[in-house]
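A.B. asks: Take a look at this one; I'll ask things after.
The values are calculated or read from the model by the stated rules, or taken from the named source; none is laboratory data. It should be emphasised that the depicted structure is a prediction, and the values quoted were computed from it without experimental measurement. Backbone-built Cβ (ideal geometry, glycine too); neighbour counts: all protein chains shown. Areas reflect the complete protein model, heavy atoms only, side chains present, ligands, DNA and RNA absent. Shrake-Rupley method; radii C 1.70, N 1.55, O 1.52, S 1.80 Å.
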Amino acid sequence: SLAKGLLEVRRLKARYGPIEVLHGLALSVDKGQLVSLVGANGAGKTTLLRVLSGVHPASEGTVMFGGQDISRVSSHARVSLGICQAPEGRQVFGPMSVEDNLLLGAYRRRNAQLSERMEQVYLLFPVLKEKRRLLAGTLSGGQQQMLAIGRAPMGEPQLLLLDEPSLGLAPLFVAEILQVIDRLREQGMTILLVEQNARAALAMADFGYVVETGRIVKSGSGRELLGSDDVRRAYLGM
Ligand code: ATP
């Protein structure tokens, strides 16, 4: 295979009924990179992540993962391949403890390293350690969001898809969540991030893509995009 990236998306199209919303999109994510997708509401970012995780079908195009064509692979099988999408917002299991929620994220991994993984998550989110015996439903909204994200690295994904992990959070939590994502990247995790907070998302990205109405209109290193006049005007309010 000619694929060099861990993830290679080519000429990807997707539709809702008769309405096409992704019009032939291409992007790639190399192993160990943090790649950010920015773009206005409705540009198709969420749809793209749903197609990558396999919960929404592509109508055309190819998704290559680790050199394998996974375009027709079920969402379940993609999880087994190591593609993990952190649930949007605060989807945790309220009647279960914080610790049990974390263990759920590790269902692919039942081995001696489990408690080590958990300690690493607790290092990222000390508040989850403090509250590990409490029911997840008793956490604040921001803490539940941290738990939803903290669960993802428990399964040691090959590719982590994050859809607006800071959505609806108070600024203090936003900064904390973004820091954690940065640390996950430092630990070597490959991450594709969709984030409203374009400035922060590009500042920490190895590479970025600007999505407009179902197309990639610009790409470059995070630094290049942050310096681009178009991007500054459209997405950074400058
Ligand atoms: P946001 O930041 O608002 O989530 P987005 O960039 O993630 O925006 P999508 O949610 O992927 O964009 O939406 C892309 C287009 O698809 C929009 O025009 C949206 O109205 C449409 N769309 C999204 N979900 C559906 C659906 N279930 N049925 C029909 N159209 C949809």
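A.B. asks: Tell me, what ³J(HN,Hα) does each residue in the stretch 141-157 have, in order and in whole Hz, if you take phi through Karplus 6.51 cos²θ - 1.76 cosθ + 1.60 with θ = phi - 60° and put x for Gly and Pro?
C.D. replies: x, x, 5, 5, 5, 4, 5, 4, 7, x, 5, 4, x, 4, x, 6, x
A.B. asks: Given H placed on each backbone N at 1.01 Å, which residues far from SER59 in sequence or on other chains put an amide H within less than 5 Å of it?
C.D. replies: Here LYS13, ALA14, ARG15 satisfy the definition.
A.B. asks: Could you tell me the relative contact order of the chain? Use alpha-carbon pairs under 8 Å, at least six residues apart, and round to a whole percent.
C.D. replies: Worked out over the chain, it gives 27 percent.
A.B. asks: By average Cβ neighbour count within 10 Å, what is the ranking of 14-22, 159-167 from highest down?
C.D. replies: Packing proxy ranking, top to bottom: 159-167, 14-22.
A.B. asks: Roughly to the nearest percent, how much of the accessible area of the chain is carbon and sulfur, given a 1.4 Å probe?
C.D. replies: Here it works out to 52 percent.
A.B. asks: Quick one: length gained pulling GLN179 to ASP230 fully straight, 0.36 nm per residue minus the C-alpha distance?
C.D. replies: Answer, rounded to one decimal: 15.7 nm.
A.B. asks: Per residue, what accessible area does the chain have, given a 1.4 Å probe and all protein chains present, in Å²?
C.D. replies: 47 Å²
A.B. asks: Where in the stretch 59-90 does the label zone of ILE19 land, with the point 7 angstrom along Cα→C-beta and an amide N cut-off under 20 Å?
C.D. replies: 59-60, by backbone N distance to the label point.
A.B. asks: Here's a follow-up. For the stretch 90-238, what D do you get in µm² per second when you plug the Kirkwood radius from alpha-carbon pairs into Stokes-Einstein at 20 °C and 1.002 mPa s?
C.D. replies: So the translational diffusion coefficient is about 131 µm²/s.
A.B. asks: Please list, ordered by chain and number, the residues whose modelled amide H lies under 5 Å from the amide H of SER71; skip anything fewer than 5 residues away on the same chain.
C.D. replies: VAL63
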